[in-house]
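Notes follow once the structure below has been shown.
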Amino acid sequence: MKLEKISESMIKTLIKRTILTLLISTILGYLLLVAAYAIPTPRIRDNVRNSIGQYEGVTTNPEWSQGYKYTMLDDYTDATFILANAIYPAAEDDSNPFLNAAIVPHHDYKGVNNDAVMELTDYEGESFIFNYVRYWHGYLVPLKPLLFLMSLNSVRILNFLFELIMIAVIMQLAVCKTGNMRLGIALTGALAVLNPVSCAMNFQYAAVMNVTLLALLTVLLFGDRIDVKKDAPIFFLLVGIIVVYVDFLTYPIVSFLMPLLTYMILRKKELLTSAKEGILAVITYLAFWGVGYVGMWGLKWVVGTVFSGGKENALAEGLEQVIYRSGNGEVHYGFFETVLANFRMLFIVPVLMVLMIAIIAAVVVAIKNRRRIKVNAAVVSTLLFAGLIPFVWYFGAREHSMDHAYFTFRNLAGTMMAVVLAILETIIPIEN
């Protein structure tokens, strides 16, 4: 099925569906946040207070294996923003859910971090209301109800169990749907880069991880029903919308690449008939994901500006941050410097040891199957092209990817999956 042969009427239909999807998502996203802010916070504050001790005294982001930034958590963001937003409003604060859903305020304490800790331990320092308008903060939609029902630590354990079960189901489906281990091995390589342990321990990291897992599950369950022309563009549009709704700009490109590569392997006969067709499919789906991501984010700036009565100029703030985070502001980082900083997170003995074992295993398999090895240029070139996308992200977000390399390195999970798939599709005969 040739993507380049999409009719003019279908293009018009896709444009209409895109606009409608963005508008509906904006309205629904806002109303879901309104509902979350309508939940009474005294019980939420008690449930967070009962577990907040683990964040006390934390001045830097901890590493669950000291000396390895690959294991670095982001307790700073959890305690300073995510939990601080979840426990708002206090009794003395404005409890208007329509306003709070638009501007996302919390108590910010001058000269210190971990605002949620300060607020719940009766810290007497000076504070002010900080409105974090430029992000949607859609993570509050599941987080506030869960914190109303159970303690903070219980929610963390629940998140771990959710991710564990999802990974197990996805691996099983990957084998069942393809009839071989190639996709499952590639997903394992990507997960090794993502570091699921850290993703389960931090709300900051969990957002993209959970969206990616849900997108993978959807592709594996319904990939044969997702039409490559009519439905796949809208599917990736929705993934872009959802990930920007819940995320803080951590490693969002993973939410596109891992489901994309899985979908293309499942629909190989339609999407990978030629290198041109495959690369065009990657570009097309990336464009729709990007429109969803950028469009939904930009619409949040509109929502924040309008519902604050113009007191918050989220449009100006958002554009200013885009310029700064792209490395075009006062701080300038080189592209290669940024890429190296992200790779450096993975240049550690345990990861390199596993990588070496994998390379040796691949060489052994290649030697064993040397008489039957055949390079499928259409498949390999498309997969490797897709694997370059994280580097485009690093170029476009140089400042952010440099300063936050301790979590943006996870974007390389998409590259890892693409490279592993390209190798396995070459060295393992199709009948295996």
With springs only between Cα atoms under 10 Å, which of Ile265, Ile165, Ile242 fluctuates most in a Gaussian network model of the chain?
-> Ile165
Top positive-direction residue, dipole computed over the chain with Cβ charges, set Ala186, Asn210, Pro62 | Ala186
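Mind running the shape call on the stretch 260-343? Use the C-alpha gyration tensor, a ≥ b ≥ c as the square roots of the eigenvalues: rounded below 1.5 for a/c, prolate if a/b tops b/c, oblate otherwise. Mind dumping the intermediate values first?
Working: a/c = 3.92, a/b = 1.58, b/c = 2.47.
The shape class here is oblate.
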Accessible area (Å², per residue) of the chain, counting only protein heavy atoms and a probe of 1.4 Å = 44 Å²
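Under 8 Å for C-alpha pairs, at least 6 residues apart: give me the relative contact order for the stretch 33-82, rounded to a whole percent.
Relative contact order comes out at 24 percent.
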Express the relative contact order of the stretch 215-350 as a whole percentage, based on alpha carbon pairs under 8 Å and six or more residues apart in sequence.
-> 25 percent
Pop out the ³J(HN,Hα) list for the stretch 39-54 in order, Karplus 6.51 cos²θ - 1.76 cosθ + 1.60 with θ = phi - 60°, rounded to Hz; leave Gly and Pro as x.
-> 6, x, 8, x, 5, 4, 5, 5, 5, 6, 4, 5, 10, 6, x, 5
Nearest-ten-degree value, helix 232-246 long axis tilted from longest Cα axis of the chain = 30 degrees
Given the options Asp74, Asp94, Asp46, which has the most mean-square fluctuation in a GNM of the chain, springs set between C-alpha atoms less than 10 angstrom apart?
-> Asp94
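Add +1 for every Lys or Arg and -1 for every Asp or Glu among the other residues with Cβ under 14 Å from the Cβ of Gly29, and state the total.
0
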Expressed as a whole-number percentage, the relative contact order of the chain with C-alpha contacts under 8 angstrom and at least six residues apart is 20 percent
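Of the heavy-atom accessible surface of the stretch 135-203 (probe 1.4 angstrom), what whole percent is carbon and sulfur? Could you put the intermediate results ahead of the total?
Working: 2160 of 2680 Å².
On the stretch 135-203, the fraction of accessible area on carbon and sulfur atoms equals 80 percent.
Could you give the dipole magnitude of the stretch 74-139 about its Cα centre, charging the beta-carbon of Lys and Arg +1 and that of Asp and Glu -1, in debye to the nearest 20? Write down the numbers at each step before the final one.
Details: 2 positive and 12 negative charges, 67 e Å.
For this selection, approximately 320 debye.
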So for the chain, taking the charge dipole from beta-carbon charges (+1 Lys/Arg, -1 Asp/Glu), which of Pro145, Ala200, Ile428 sits furthest toward the positive end?
-> Ile428
Rounded to 10°, Cα long-axis angle of helix 349-368 versus longest principal axis of the chain | 20 degrees
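In the structure shown, do any of Lys16/Lys144; Lys144/Lys311; Lys229/Lys276 have a Cα-Cα gap over 22 Å, and if so which?
Values: Lys16/Lys144 34 Å; Lys144/Lys311 26 Å; Lys229/Lys276 16 Å.
Exceeds cut-off: Lys16/Lys144; Lys144/Lys311.
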Say we join alpha carbon atoms closer than 10 Å with springs in a Gaussian network model of the chain; which of Lys16, Lys230, Lys300 then has the biggest fluctuation?
-> Lys16
If one takes the longest principal axis of the Cα atoms in the chain, at what angle in degrees, from 0 to 90 and to the nearest 10, does the Cα axis of helix 412-427 lie?
-> 20 degrees
Treating only the Cβ atoms of Lys and Arg (+1) and Asp and Glu (-1) as charged, compute the dipole magnitude of the chain about its Cα centre; round to the nearest 20 debye.
-> 2480 debye
What's the local net charge at Ser51, with K and R +1, D and E -1, over the other residues with C-beta under 15 Å away?
-> -1
Give me the percent of the accessible area of the stretch 250-399 that comes from carbon and sulfur atoms, probe 1.4 Å, all protein chains in place.
-> 73 percent
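The values are calculated or read from the model by the stated rules, or taken from the named source; none is laboratory data. The structure presented is a predicted model; accordingly, all values stated were derived computationally and were not measured. Every residue, glycine among them, receives a Cβ derived from its backbone with ideal geometry; neighbour counts consider all protein chains shown. For accessibility, only protein heavy atoms count, side chains too; no ligands or nucleic acids. Shrake-Rupley method; radii C 1.70, N 1.55, O 1.52, S 1.80 Å.
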